[in-house]
Amino acid sequence: MAIFLIVLIFGTACLFHAKIVFYDDHFISCGPTTCESRQYSDISEFGVSSHTRAPIGTIVARQDLYIKYKDRTMWKPFFLLGSDFKQEEVLRLLTEKTGLTVKYVTALPEQ
């Protein structure tokens, strides 16, 4: 029971401390322990996948937002999973700030 409560409290803390903030020329994404600032000009593409591969290898229908950068790294904001409304809002802001169009893919692209 104690382990369950610790996991529940940590998960709740992660949800309350995760955020993404948009500015004119960059955005900041914060998770439970760190923050990262990226320029919009660093983004090469962004989009949404309709399916993902579970750790056991099965394909699951789930909307996942991703952002690929020019340095070939990719960010999948874990704290936005399950919140289609928030993902759509982030996509709208990224489209507005970068001038790029949203890519709709079946599965997340490889890094």
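The values are calculated or read from the model by the stated rules, or taken from the named source; none is laboratory data. From a predicted model like this one, the values you see are computed outputs, not experimental measurements. Using ideal geometry, Cβ is built from the backbone for each residue, glycine included, and neighbour counts are taken over all protein chains shown.
Go through the residues of segment 88-110 one by one and say whether even a single one is surrounded by 12 or more Cβ atoms within 10 Å (Cβ to Cβ) and of a type in the set (Phe, Trp, Tyr). Scanning segment 88-110, I find no residue that is surrounded by 12 or more Cβ atoms within 10 Å (Cβ to Cβ) and of a type in the set (Phe, Trp, Tyr), so the answer is no. Within segment 25-47, being within 18 Å of residue 101 (Cα to Cα) and either of a type in the set (Asp, Glu) or in contact with a helix residue (DSSP H, G or I) (Cβ under 6 Å, 6 or more places away or on another chain) (or both) holds for 25, 40, 42, 43, 45, 46.
Evaluation of residue 60 against the conditions (1) within 21 Å of residue 19 (Cα to Cα); (2) exposed (fewer than 11 other Cβ atoms within 10 Å of the Cβ); (3) hydrophobic (A, V, I, L, M, F, W, C) shows that the sole unmet condition is (1). The condition of being at pLDDT below 90 and of a type in the set (A, V, I, L, M) holds for residue 3.
Among the residues of segment 25-34, those that are touching a residue at least 12 places away in the same chain (Cβ under 8 Å), in a strand (DSSP E or B) and within 14 Å of the chain's Cα centre (by Cα) comprise 27, 29, 30.
Kindly check whether there is at least one residue in segment 80-88 that is more than 16 Å from the chain's Cα centre (by Cα), of a type in the set (Asp, Glu), modelled with pLDDT of 85 or more and more than 18 Å from residue 31 (Cβ to Cβ).
no
The set of residues in segment 42-57 that are of a type in the set (Gly, Ala, Ser), loosely packed, with under 12 Cβ neighbours inside 10 Å and more than 16 Å from residue 81 (Cα to Cα) contains only 57.
Does residue 101 satisfy the condition of being hydroxyl-bearing (Ser, Thr, Tyr) and modelled with pLDDT under 90? Against the criterion (hydroxyl-bearing (Ser, Thr, Tyr) and modelled with pLDDT under 90), residue 101 does not qualify.
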